[in-house]
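Chemist: My questions all concern the structure below.
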Amino acid sequence: MTAIDSHYHNYITNVEKITNRGEGLLNNIQSALAKKSNNQLSDNDKEVLQITSRSLNRRFRGHEAANLVGVTTAAIYTAEKDGKLPPPKLKENAAGVRNVRAGYTLAELNHMREVFGTLPHKADDESAVTLGFLNLKGGAWKTTLALLFGQHLATLGYRVLFVDTDPQGTLSFFMGCRPDTDCDYSDTIAPYVVGDEVTINEKGFEFGSLHYAIRNTHWPNIDLIPGSLSISSIDMQLPHLISAASTIEEKQYYFQLIRNGIESVKKDYDVVIVDGTPSLNTLTMNVFSACDVAIVPCPAQMADFASTMQFFNTIGETVQFYEEGNFSIPVPDIRVLITKFATAGYADWMAKIIRQTFGDLTLHNVVKKTDEVGKKGTKMTTIYEEDLKEASNRKGIKSALDMYEKPFNEILTDVIFPFWPSKSKENIKEQSSIAKTLETEGVL
């Protein structure tokens, strides 16, 4: 055996060991899931299920629930007493008496919003906003921000669709879909983009929309189009389709496939959030063209800033290519969000450089470093899924939620709301005044 043969042999042996370990873990997961249905879970089974079984444990209590619904606690209690709302769920107090309010689930909050008429949805004649989190460099918190922003919006009552275009499928994993295990090629955007009518028809759908790929999640108002490694096949086929196109119109069609696919399903949502891939390819530019708004996370670090500059150069070259080709392809508004911000002087210095470079495109608020997001990530959960009252580090999680609320609300009010005339400041003031009047008169 030559040295090269020996190297390959060792390489293959190591890969086989890794594969066997992974298959062993998957077997443990399947076993744990089977035992779960029979209530036979051991402590090890429960630990395995923590990374596979998703549930939304957060409960909303008192003033927090009332503020999210948009009424007073008195209005909620009165509606429960009058039968307009179901009676509250109770739990035992320290003395074993079942008389303590257990709090409300997000689904129950959404029902309250329906009863009180405070659902925050866009108007029926308005279009959902497609917002992408895009950057070429991994580690910019692109997926983390997409995930948490979607959960933030859902907590407020908005209807959200996640579209995972990253072959790594991390966002899908956090939303309960294990890439290439719970979902495969046929469950992603890939069949639609490459024109695979057979696969879509086999799933019982007509070709022409992305409905075949949408699945529910453990969040009542978040749906998901999952990602998996098979999405990589798009970049092996799409460039050939574009090259073979003989007319400008046909080429434009291929550059707007994801936009057209999202358009086919967005009427059921308020916001469509796309998690882009951390690489430069035809898929990335297709995602870019699909977005109404592109949020570009830029960590307050020099290497990440340089990578973000490269991304902007690529955007400029792409738009120039569209112009020279006489294409009529929409391009998104762009906002830069400073991430990984620390209190040290270096981060302040980098933030100034970022703001000087991108000017008004830079969002005012920043995303600071926090340990809580990483801690929850190790258990494949998030700060938005934690029941604060039951949390071991309630103060830390509350601090993280408060920190993320600032940039997320800025994106909502300053970036998304301008797409919806019904959310203009004048209309919001008028709606708030009407709600207060109805509540005062006892209608709410």
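Every number here is computed from the coordinates shown, using simple stated rules; none is lab data. All values reported here derive from a predicted model rather than from experimental measurement. Heads up, the Cβs are rebuilt from the backbone with ideal geometry, glycines too, and the neighbour counts pull from every protein chain shown.
Chemist: Sort Val272, Val97 so that the residue with the fewest other Cβ atoms within 10 Å of its own Cβ comes first and the one with the most comes last.
Modeler: Lowest to highest Cβ neighbour count: Val97, Val272.
Chemist: Evaluate the distance, in nm, between pseudo-label points positioned 7 Å from the Cα of Ala123 and of Glu92 along their respective Cα→Cβ axes.
Modeler: Going from the Ala123 label point to the Glu92 one covers 5.3 nm.
Chemist: Also, quick follow-up: What pairs from Lys369/Lys398; Lys368/Lys395; Lys122/Lys267; Lys81/Lys389; Lys142/Lys398 go past 19 Å between their alpha carbons?
Modeler: Pairs exceeding 19 Å: Lys81/Lys389; Lys142/Lys398.
Chemist: Does a label point 7 Å from the Cα of Asp333, set along Cα-to-beta-carbon, have any residues of segment 251-293 with amide nitrogen under 14 Å, and which are they?
Modeler: Inside the label zone: 291-293.
Chemist: What is the distance, in nm, between label points placed 7 Å from the Cα along the Cα-to-Cβ direction at Lys84 and at Asp360?
Modeler: 4.4 nm
Chemist: I've got another one for you. Could you compute the FRET efficiency for His218 and Ile242, with r as their C-beta to C-beta distance and R0 at 41 Å, rounded to 0.05?
Modeler: Values: r = 38 Å, r/R0 = 0.92.
Result of the calculation: an efficiency of 0.60.
Chemist: Considering amide H positions built from the backbone, and no H for Pro or chain starts, which residues 5 or more places from Cys298, or on another chain, come under 5 Å of its amide H?
Modeler: Those qualifying (amide H under 5 Å, at least 5 residues apart or on another chain) are Leu337, Ile338, Thr339.
Chemist: His63 to Lys375: FRET efficiency via 1/(1 + (r/R0)^6), r the Cβ-Cβ distance, R0 25 Å, to the nearest 0.05?
Modeler: That pair, His63 with Lys375, gives E of 0.40.
Chemist: Continuing with this model, one more query. Based on other C-beta atoms within 10 Å, arrange Ser424, Ser230, Ser186 from fewest to most.
Modeler: Ascending number of Cβ neighbours within 10 Å: Ser424, Ser186, Ser230.
Chemist: Further question: Using a 10 Å cut-off around each Cβ, can you sort Asp124, Asp371, Asp414, Asp292 from fewest to most neighbouring Cβ atoms?
Modeler: Ascending Cβ contact count within 10 Å gives the list Asp124, Asp371, Asp414, Asp292.
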